[in-house]
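To start, the structure under review is shown below, and the notes come after it.
The values are calculated or read from the model by the stated rules, or taken from the named source; none is laboratory data. Just so it is clear, the structure is predicted and the values come from calculations on it, not from any experiment. Cβ placement follows ideal geometry from the backbone for every residue including glycine, while neighbour counts extend to all protein chains displayed. In case anyone asks, the SASA skips ligands and DNA or RNA and just uses the protein heavy atoms, side chains included. Shrake-Rupley method; radii C 1.70, N 1.55, O 1.52, S 1.80 Å.
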Amino acid sequence: SIKIMTSNEFIDKDGLRFGSTVKPSVSLLPPSSLQLSGGSASLLCLLSGYSPQGAQVSWTVGGSEVKEGVLTSGEEEKNGRYSRSSTLTLSKALWDQGQQVVYFKYNSETGHMQKFSDHTAIVACVRGGQEAEYRTLVEEFVAWCHRNNLLLNTSKTKEMVVDFHRARPLTQPVSTQGVEVERVKTYRYLGLHLDDRLDWSANTDILYRKGQSRLSLVCWGGSVKKRDKMRLDKLVRRAGSVAGLELDSVVTVAERRTLHKLLSIMDDDGHPLHTIIMDRRRRFSGRLLSQSCSTDRLRRSFVIRLYNSSQRGRKRDEDR
């Protein structure tokens, strides 16, 4: 792990205090495969865009600060902002041991962790009020972050419950580091605006406003309302007229991409949904059966109907 210390305020040569600190932008670069094949591993930490000068970098291995194998450069100034780098060189054996400890992952049929860059999402399916797995996973992840000197941004951490029941049961929000996580109805994750009904209305409104000026958009299908589809198709036709091309409708694009994703899951033995989907596949006809459910909304799954009616799906069954 890495610890970075910066000054809290400017101090001039006369000891007068003024201004406030600008935190550095931190990048951590892992060793290359070529270097690892040579028996060593170097981690590079880059600090940039901070002020005032005086940022210090220290490396911790196994809970203890190390100085051997550490090389820290001098600070460079540009336009009143500073930058510096620090490198830690380890043996490949110690690097492999650290990889086993540091990496955190979780996958089950009812819960998994989704990571992208510094974004982490914990997704769980709760049935009959059984939240033990979900809450335990949150607690273990928070504890793992604490052990590895990773600071969670509790102000940006949100919880969203997707529940299609009319009368939603009251549940206690989760808490991290003694702070209760705010529960929201809509949330922006990796550019996608999700809502607790999954009807995509919030996302469509934002895409429509952007499309009015940019004529470029990314769309999702499935449970999009008919009104929202018409609005997005209007933008698609406008973009096509500008480019001089005939573009596919939102429904066509959504169905094509959904089918492609479904087929990739069926081919991937390691995907969490692979077993669930393949268990619903009939041996002789190859068709997918709907999951046992109490509502027509789930029984009439457009994904299953799309697969069963697609030519690719039928061709796939014939080839097998």
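Some notes on this structure:
- Counting the residues of the range 131-154 that are closer than 15 Å to V174 by Cβ, among the polar types (S, T, N, Q) and more than 17 Å from the chain's Cα centre (by Cα) gives 1.
- Residues satisfying the stated conditions in the range 110-149, i.e. touching a Phe, Trp or Tyr at 6+ places or on another chain (Cβ under 8 Å) and either aliphatic (A, V, I, L, M) or open to solvent by less than 50 Å² (accessible area, probe 1.4 Å) (or both): G111, M113, A121, I122, A124, V126, L137, F141, W144
- Cβ-Cβ contacts under 6 Å between residues 6 or more apart (or on different chains), taken from a first residue in the range 46-62 that is touching a residue at least 40 places away in the same chain (Cβ under 8 Å) and closer than 23 Å to K92 by Cβ to a second residue that is open to solvent by 30 Å² or more (accessible area, probe 1.4 Å) and part of a loop (DSSP other than H, G, I, E, B), are listed as T60/S1.
- Only a single criterion out of (1) touching a strand residue (DSSP E or B) at 6+ places or on another chain (Cβ under 7 Å); (2) over 19 Å from Y106 (Cα atoms); (3) of a type outside the set (G, A, S); (4) open to solvent by less than 50 Å² (accessible area, probe 1.4 Å) is not satisfied by D163, namely (1).
- From the options R209, R188, R168, R214, residue that is of a type outside the set (A, V, I, L, M) and modelled with pLDDT of 80 or more: R188
- When L71, L46, L34, L94 are screened for being farther than 20 Å from L150 by Cα, open to solvent by 50 Å² or more (accessible area, probe 1.4 Å), at pLDDT 85 or above and not β-branched (V, I, T), only L71 passes.
- Within the range 117-150, being at pLDDT below 80 and within 20 Å of L194 (Cα to Cα) holds for S117, D118.
- Among residues of the range 166-186 being open to solvent by less than 80 Å² (accessible area, probe 1.4 Å) and touching a residue at least 12 places away in the same chain (Cβ under 8 Å), the one that is farthest from the chain's Cα centre (by Cα) is T171.
- The condition (being in a helix (DSSP H, G or I) and among the polar types (S, T, N, Q)) is satisfied by just one residue among T154, T171, T136: T136.
- Contacts under 7 angstrom Cβ, first residue in the range 67-87 being over 16 Å from P52 (Cα atoms) and free of Cβ contacts under 8 Å to residues at least 40 places away in the same chain, partner part of a strand (DSSP E or B) and aromatic (F, W, Y), 6 or more apart: V70/W59
- Elements of the type helices (runs of 4 or more DSSP H) sitting completely within the range 233-320 and holding at least 2 residues that are open to solvent by 100 Å² or more (accessible area, probe 1.4 Å), at pLDDT 70 or above and within 23 Å of H112 (Cα to Cα): these cover 250-267.
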